[in-house]
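Undergrad: Here it is, the structure, as structure tokens.
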Amino acid sequence: MPSSVAMINDQQALRHHYDVLIAGGGNAALCAAITASKAGASVLIVEAAPKALRGGNSRHTRNMRVAHDVGNGILTGPYPVAEYWDDLLRVTGGQTDEQLARLTLECSTELWDWHRQQGVRFQPSLSGTLSLGRTNAFFLGGGKALLNALYRTASSRGVRVVYEAKVVDLTITDGAFRSAMVLTNQAEHEITASSFVAAAGGFEASIEWLTEYWGQAANNFLIRGTPYNRGEVLRLLLNNQVQAVGDPKQCHAVAIDGRAPKFDGGIVTRLDCVPFGIVVNNHAERFYDEGEDFWPKRYAIWGRLVAMQPDQIAFALIDAASLNLFMPSVYPPEQSETIEGLAKKLSLDPVRLRKTVDTFNAACHPGRFDPAVHDTCRTEGITPPKSHWARPLTTPPFYGYPLRPGITFTYLGVKVDTHARIIMTDGNASPNMFAAGEIMAGNVLGKGYLAGIGMTIGSVFGRIAGREAARYARH
Ligand SMILES: Cc1cc2nc3c(=O)[nH]c(=O)nc-3n(C[C@H](O)[C@H](O)[C@H](O)COP(=O)(O)OP(=O)(O)OC[C@H]3O[C@@H](n4cnc5c(N)ncnc54)[C@H](O)[C@@H]3O)c2cc1C
């Protein structure tokens, strides 16, 4: 980037021709920008969010899953690529592009060093949540600190960032990028660049788009991350003969506190009490085995389960005996000395809830309660069963939390090859359009999720996209 460009204002910056234009301002975009600038390319990032909210869903993250052979001072090792591959196969049920997935896992071995070179710092995994000390590198200060480090490095290299700048149109001819229309401050600018990197996330923040697949139920979803991932760039690409990948209805969704904000609630709104009590819908009926497995292995199915319930709401109930067994909730629970009193506070039918609790309590088979193992406390003779940690709810006060589906990110994306090139519907790779991060994660994640792999996919493909976009532009 010529030093003269670094001194100009946003309006002037939008008039330049760049080697590489990047849509989005999260981890994938920054990995691409830094890599492209290191390869000698001039780079412009257009980020839809204002500076204070930059960084998309990456801002909410805590860790990244990386393969390594020996461990290091922070990661207790080893976590070989082969084991990572087995883990991925298990969660996706084989619905993954093997070539791209293996590339992701192999390149993940470089990320620890690469991110540290860009100023990102790591810390040991936090205890008491998920057991990830061997597999996941935790960012010191979380995703926000990671992004601050990446933005600092990018800007020191002359990467230009314009905030509150949204890509609203793309000109693509014969599979090649020509220009992007960018809306900023109520004015549209046509930006030309030699290469284009799409790193603008999924469409999880567009309730209208979610409604296409989920119907009116989508109005009751809460979006855990940024309100800026509305899928504009994804839609523009798919409307311009780009090949789609992934099931539009597949997404990562967890059950979160129903009182969380519509957007950007982040990780603190998660509730970990489910295995220790019962969960009922708004008919006061149980609908799934709350003790099927350890919570970290099951929490990602509960978003979908709640989404299938009437009005997309459920209620997790515990008694005083379980209150201190999980991470405290960010919002205090409703509480009452009686089940009927709790029912009223949660707007549930007291008679029905009493019946559900009595039936559950009577079905609890005496066993040795132990939250650390698959214990022997289970129900007998009821449907659905509770397979572990089933104890009668008898110790007042009784507590209740409303649950809603919390959408983390969607899986519908654009198809790419091993050079992060976007694949067109005729099967050819675009010469100068590349994609990284959530917008192409569906190539690797056909379904299911492995904690920390979102940041791995974004980092690996961000670096590849940056390298290839610069290579194309420079030649
Ligand atoms: C609460 C929460 C916790 C998570 N925790 C983890 C974790 O610990 N580890 C992990 O691996 N994954 C985690 N994830 C998933 C992870 O956030 C994503 O996989 C990852 O951040 C994707 O990076 P990205 O750069 O592709 O997208 P994002 O970081 O979402 O960036 C997309 C960017 O595109 C911008 N944008 C959107 N539309 C436009 C447009 N039209 N024009 C210009 N810019 C646009 C947005 O403003 C945003 O900056 C979490 C997600 C959430 C919501």
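Every number in this text was worked out from the coordinates using simple rules, so none of it is lab data. Treat the numbers as computed from the prediction; the structure is a model and nothing was measured. Glycine also receives a Cβ, built like all others from the backbone with ideal geometry; neighbour counts cover every protein chain displayed.
Undergrad: With a bin width of 10 angstrom, please list the P(r) values of the stretch 63-128 as percents of all Cα-Cα pairs, from the 0 bin to the one holding the largest distance.
TA: So the P(r) values, bin by bin, are 19, 48, 28, 5.
Undergrad: Rounded to the nearest angstrom and ordered from largest down, what semi-axes does the equivalent ellipsoid of the chain get from its C-alpha gyration tensor (root of 5λ)?
TA: Semi-axes (√(5λ), whole Å): 44, 23, 19.
Undergrad: Please enumerate, by chain and number, the lysines with C-alpha under 19 Å from the C-alpha of Lys249, excluding those fewer than 8 residues away in the same chain.
TA: Lys415, Lys447
Undergrad: What is the stretch 136-189's relative contact order, in percent, from Cα pairs under 8 angstrom and six or more apart in sequence?
TA: 21 percent
Undergrad: Calculate the dipole size of the chain relative to its Cα centre from +1 charges on Lys and Arg beta carbons and -1 charges on Asp and Glu beta carbons; express the result in debye to the nearest 20.
TA: 920 debye
Undergrad: Another question, if that's okay. Charges on Cβ only, +1 for Lys and Arg, -1 for Asp and Glu, centred on the Cα centroid of the stretch 154-250; of Gly225, Ile191, Met181, which one is farthest towards the dipole's positive end?
TA: Gly225
Undergrad: If you place +1 on the Cβ of every Lys and Arg and -1 on the Cβ of every Asp and Glu, how big does the dipole about the Cα centre of the stretch 334-475 come out, in debye to the nearest 20?
TA: Around 320 debye, computed over the stretch 334-475.
Undergrad: Could you tally the net charge around Thr418, taking each other residue with its Cβ under 13 Å from the Cβ of Thr418, Lys/Arg +1 and Asp/Glu -1?
TA: Its environment carries a net charge of 0.
Undergrad: Now for a separate question. If packing is taken as the mean number of other Cβ atoms within 10 Å per residue, what is the order of 202-214, 177-189, highest first?
TA: Result, highest mean Cβ count within 10 Å first: 202-214, 177-189.
Undergrad: Right, next: Which one, His252, Ser347, Gly40, is farthest towards the positive end of the dipole of the chain when Lys and Arg carry +1 and Asp and Glu -1 on their Cβ?
TA: The one lying farthest along the dipole's positive direction is Gly40.
Undergrad: Just tell me which aspartates and glutamates come within less than 14 Å, Cα to Cα, of Lys355; anything on the same chain fewer than 8 places away is out.
TA: By straight Cα distance, Lys355 reaches Glu285, Glu340.
Undergrad: As I understand it, the value is the acute angle between the Cα axis of helix 27-38 and the longest principal axis of the Cα atoms of the chain; what does it come to in degrees, rounded to 10?
TA: 20 degrees
Undergrad: Defining a contact as two alpha carbons under 8 Å apart and six or more residues distant in sequence, what relative contact order in percent does the chain show?
TA: That works out to 23 percent.
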